[in-house]
1. Mind checking which lysines have their Cα closer than 29 Å to the Cα of Lys96? Skip sequence neighbours fewer than 8 apart in that chain.
2. With a 1.4 Å probe and all protein chains left in place, how much of the accessible area of the stretch 1-106 comes from carbon and sulfur atoms, in whole percent?
3. Please list, by residue number, every one of the trypsin sites (Lys or Arg not before Pro) in the stretch 149-194 that is coil in DSSP and has at most 13 other beta-carbon atoms within 10 Å.
4. Taking the Cα centre of each part, how many Å lie between the stretch 66-128 and the stretch 155-214?
5. From the phi of every residue in the stretch 140-149, what ³J(HN,Hα) in whole Hz does the Karplus formula 6.51 cos²θ - 1.76 cosθ + 1.60 yield, where θ is phi - 60° and glycine or proline is x?
6. Rounded to the nearest 20 Debye, what is the dipole magnitude of the stretch 32-161 about its Cα centre when Lys and Arg each give +1 and Asp and Glu each give -1 at the C-beta?
7. Residue separation times 0.36 nm, minus the C-alpha to C-alpha distance between Asp190 and Ala60: what's the value?
8. Compare Asn150, Asn12, Asn134 in a GNM of the chain, Cα atoms joined below 10 Å, and give the one with the largest fluctuation.
Amino acid sequence: PEVGFVIRVVSNDAKPAPFPDLKKAGDEQLVEHIGSGSHVLRQYAQRELLRRGEKPAFAAGLEKLAASDKPLAARVAAIFTLKQLLGTKSHDALLKLAKSDELREHALRALTDRKKECAGLPLKTFVEALADANPRVRLQAAVALSRIGNSEAAGGLMPLVADADPLVMHAGIKALVTLRAIDPALKALDKTDVKVIPGALRVLQGIHDTKVVE
């Protein structure tokens, strides 16, 4: 009465399956478990798989699972497990998966999940994603480009400061501040598209540099 209680409601016909012993599971079984409908099983299978380290069966199985017709949550789990397992060696597979409309936002995020592993990633893939019809993809592309840190992407990011989606607009502005995109922002002030001007001014406001003040 003083601290509350928990009620568990279970069907009389329910026959819950016992949780598998993951330490005894084979390598292929672990990959199958990452495709499970249970978030808990996916997470624990991922930890056991990563503990065992890089193996050919894991890389091939995870890539196949990510490209399968399994539920999206399982495919996303495969994407991030692949990245954590292989690091930069996963990039070719992830770039291929980024071509899928359903997986693009997740693959872009996984590719830049670790800042120290962003070197050498093709800017084109991320810059093209800035114009994607899906705002979630545009958002991840903006965040990814700020993590990559290459100022050559500033021109492609500038239209996002007037994006219809407020989260995308915010991510675009923050990315341009991170890239210290002074010249592109100043140039945007001269454009006839007045929608870009407020966002460009917010970019300049966030860059504390003598050139901006002058």
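The values are calculated or read from the model by the stated rules, or taken from the named source; none is laboratory data. Here the structure is a predicted model, which means the values were calculated and not measured. Reconstructed Cβ throughout: ideal geometry from the backbone, glycine too, with neighbour counts over all protein chains shown. These accessible areas exclude ligands, DNA and RNA; they are computed on the full protein's heavy atoms, side chains included. Shrake-Rupley method; radii C 1.70, N 1.55, O 1.52, S 1.80 Å.
1. Partners within reach: Lys55, Lys64, Lys70, Lys83, Lys115, Lys116, Lys124, Lys174.
2. Details: 3740 of 6900 Å².
Answer for the stretch 1-106 is 54 percent, counting heavy atoms of protein chains only.
3. Values: sites: Lys174, Arg180, Lys187, Lys191; in loops: Arg180, Lys191.
Loop-located and lightly packed - Lys191.
4. Their Cα centres are 28 Å away from one another.
5. Using θ = phi - 60°, the values come out as 5, 5, 5, 4, 4, 5, 5, 6, 5, x Hz.
6. On the way: 21 positive and 14 negative charges, 78 e Å.
Roughly 380 debye, rounded to the nearest 20.
7. Details: separation 130, 0.36 × 130 = 46.80 nm, distance 5.12 nm.
The Asp190-Ala60 span can extend by a further 41.7 nm.
8. Comparing Asn150, Asn12, Asn134 in the GNM, the peak value goes to Asn12.
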